[in-house]
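Quick notes on the structure that follows.
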């Protein structure tokens, strides 16, 4: 027994639901390019949603289920009615005397043939509809805040549920089944915390958390920061940005990272396409570089936090459009204005790791005898589209590429069969990551490979192992690592 939670669509106006989808307070906060760019994602979110008309319909039908959205707004979308072509906006004006407030918004299509088209502002969402799709980061965080409880509170909920639902349940008694009064107690072993290594010492924390103490530096600082820029995607005061960047550089220096350019160029980027801004940052950074470096190492992006899609646009442009790739680090303008040391300390952890430094090391050779000689730690999983979705299954594989087990590289592949748990091209993916390990450790081939496989149930283990272990062995053979021991863990 346990308490489970799920999510539901909000009730009320369909317009309000669409605003919530885009993270906008009202319809005026939704930019037209958002609707064009994320139309397919919005259709997937709304498809199958049960709605109700807000006006009296002469057909006496008021309930409809959304099947799709029109490409254009009600003013441009034309439909043939009684042998004449008329726009949806004019139809509702002449037939129902309804003057649409938002004629540029897409309309809801209520059947597969596209014969029933209704403006979104004339629909409300019926209550009690479960959302089975994937949650975004903010939705997931909000749900965790609501559902997360302390272990003792969770225990009381379970015990209360047992007493309420099954305390004296005659149906269970008829089947000769009964629930005990107490939960089963299982003995557990508390492991000792691992030893953490820094530049300047080591420590062993016991409360599950740790902080950099005085004199501690990164285990391995990244290469000197000599060519970088700052992009400001809101109207944050330039002096505040300069002050924040100055403190950021000082903190990096204190942790062992050399910052050759303490005053990087600051590029105003409000209301400009992220790709255009990032290219400007590249050019400005190279113009003010220090030393012989020939590429932009980092772009610090300052966001206002209200436009949820700018972050995705920045990452997509930096990692897929601008080749061979541009390292970016985003932060919110409110943190820049506050300029708190604790926030800067957390931010530089991300920057050092992204620029191939090592923040902290685990002395795993002391903790685990399995890792007292060259080894690779790997992890794999397959993500599937949400229920009802028509997306693709993606397999991801990551692997350590250094002796500290702090640097990892990843690769992914689209799977030929949707919702199949077996990774079809694991051999190719493993060879790609093994080559990166060999590049970093040319003289020391791995003696062991620890392969952690997530997402496999007990009933699937034999099938997955039969499919994937031979692929891993072929990948090891292709690298010439015939004596490397493979451990497959689920």
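Here are some notes:
- Value of relative contact order over region 1-134, rounded to a whole percent, pairs C-alpha under 8 Å and six or more apart: 32
- Förster-model FRET efficiency, 30 Å R0, residue 72 and residue 306, C-beta, rounded to 0.05: 0.65
- Take each peptide in 344-356, 188-200, count the other Cβ atoms within 10 Å of every residue, and average; sorted highest first, the result is 344-356, 188-200.
- Counting neighbouring Cβ atoms within 10 Å and putting the fewest first, the residues 120, 392 line up as 392, 120.
- MRE, 222 nm, helices only [DSSP H, n ≥ 4, -39500 (n - 2.57), over the chain, to nearest 500]: -10000 deg cm²/dmol
- Gain upon complete extension [residue 457, residue 3; 0.36 nm per residue less C-alpha separation]: 161.3 nm
- Region 53-89 residues near the modelled residue 126 label - backbone nitrogen below 20 Å, point 7 Å along Cα→Cβ: 53-69
- Region 195-236 and region 14-35 have Cα centres spaced 38 Å apart.
- If the chain linking residue 381 and residue 39 were pulled fully straight, counting 0.36 nm for each residue of separation and taking away their Cα-Cα distance, it would gain 120.2 nm.
- The chain - convex hull of the alpha-carbon atoms, volume per residue in Å³: 232
- For residue 411 and residue 164, the FRET efficiency from 1/(1 + (r/R0)^6), where r spans their Cβ atoms and R0 equals 51 Å, is about 0.55.
- Cα-based shape type of region 128-224, given that a ≥ b ≥ c are square roots of the gyration tensor eigenvalues and the cut on a/c is 1.5: oblate
- Distance between the C-alpha centres of region 91-137 and region 247-298: 46 Å, rounded to the whole angstrom.
- Distribution of pairwise C-alpha distances over region 228-361, 10 Å bins, in %: 12, 46, 37, 5, 0
- Convex hull volume per residue, computed on the Cα atoms of region 363-489, equals 114 Å³.
- Over region 8-130, the fraction of Cα-Cα pairs per 5 Å bin, rounded to whole percents and listed from the shortest bin up, is 2, 11, 21, 26, 22, 11, 5, 1, 0.
- Between residue 217 and residue 240, the distance separating the two model label sites (each 7 Å from Cα on the Cα→Cβ line) works out to 3.3 nm.
- Cβ-derived FRET efficiency at R0 60 Å, residue 173 paired with residue 272, nearest 0.05: 0.30
- Chain lengthening between residue 55 and residue 141 when straightened (0.36 nm per residue, less Cα-Cα): 27.3 nm
Since every read-out is calculated from the coordinates, none of them should be taken as a lab result. Remember, predicted model here, so these are calculated numbers, not experimental data. Ideal geometry is used to build each Cβ from the backbone, glycine not excepted, and the neighbour counts take in all protein chains shown.
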